[in-house]
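Below you'll find the structure, written out as C-alpha cells, and then a few comments.
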Amino acid sequence: VGSFVEAPAGTYTMTGSGADIWGQSDQFHYAFKTLTGPGTISARVVSLTNTHNSAKAAVMIRETLTADSRYSLVALTPGNGVIAEYRADTGESAQQVTSQTGISAPYWVKIERDFAGNITAYSSANGSTWQMMGQPIPFQMGSNAYIGLAVTAHNANLTCEAKFSN
C-alpha cells in the first residue's frame, strides 16, 4: 500500500505500509529514479506519522527493486531519531551504521554514492551544515541503481504518511 503526490510544487506526500526496511527482506513504498554512477539525494522530512517507533521516512539508494536487494538509507524515525543502515549483499541481514537519538521532524537526510561506489550518510538540522553519520560504507552495487524516497510504517496493517520537501 502506498501513494506519492507532489503538492504544492516541491513538497511530496508519501504513504506506505509494510513491516519494515530491515532484516533480510523489505516491505515499504518507494518513489525512485534510475541512477547511473555517482549521485546524491537529500530531502527535508517535514513530518512523519508515528505508526511505530521504527517507522521510516528515508532517502535510499537500492541496487534492485527486489525485497532482498542491497541498499543503503538514511531515515528519520518517530522514536529512534535519524538512522543510517544498509544491506551489503543480496539476502543478507541489514546493519545499522549509526543513529542520532532525540531528533524529530522537521529534519534533513542525505545519502551519496561516489565514483568508487562508496555510500556516505548525512543528516542536518538546517540543510546546509551536514554531519556525516559513521564512515563511508565500502560496498559495491551495479553501476545502475535506484535512488529515491522511501516510507515504511513498520506495521503491515497500518499506513504511515511522510511529507518531504527540498
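The values are calculated or read from the model by the stated rules, or taken from the named source; none is laboratory data. Predicted model, so just to flag it, every value in this text is computed and none were measured. Here the Cβ positions follow ideal geometry from the backbone for every residue, glycine too, while neighbour counts run over all protein chains shown. Only protein heavy atoms, including side chains, enter the accessible area calculation; ligands, DNA and RNA are left aside. Shrake-Rupley method; radii C 1.70, N 1.55, O 1.52, S 1.80 Å.
Figures for the structure shown
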{"item": "Dipole magnitude (debye, nearest 20) for the chain, charges at Cβ of Lys, Arg, Asp, Glu", "result": "320"}
{"item": "Prolate/oblate/rounded call for region 75-133, Cα gyration tensor, a/c under 1.5 rounded", "result": "oblate"}
{"item": "Long-range HN-HN contacts of Asp68 with modeled amide H, under 5 Å", "result": "Asp26"}
{"item": "Diffusion coefficient, µm² s⁻¹, Stokes-Einstein with Kirkwood Rh over alpha-carbon pairs of region 120-159 at 10 °C and 1.306 mPa s", "result": "117"}
{"item": "Using θ = phi - 60° and Karplus 6.51 cos²θ - 1.76 cosθ + 1.60, couplings along region 140-146 (whole Hz; Gly, Pro as x)", "result": "9, 10, x, 5, 9, 9, 10"}
{"item": "Carbon and sulfur %, accessible surface of region 56-166 computed with the full protein complex present, 1.4 Å", "result": "46"}
{"item": "Solvent exposure of region 37-166 as accessible area per residue, Å², 1.4 Å probe", "result": "41"}
{"item": "Cα pair distances of the chain binned at 5 Å [whole percent]", "result": "2, 10, 20, 25, 23, 14, 5, 1"}
{"item": "Where N is the number of residues in region 6-45, Cα Rg divided by 2.2 N^0.38 Å", "result": "1.46"}
{"item": "Tensor-based shape of region 1-70 (alpha-carbon gyration tensor, a/c under 1.5 rounded, otherwise prolate or oblate)", "result": "oblate"}
{"item": "Cβ-derived FRET efficiency at R0 30 Å, Asn166 paired with Phe139, nearest 0.05", "result": "0.60"}
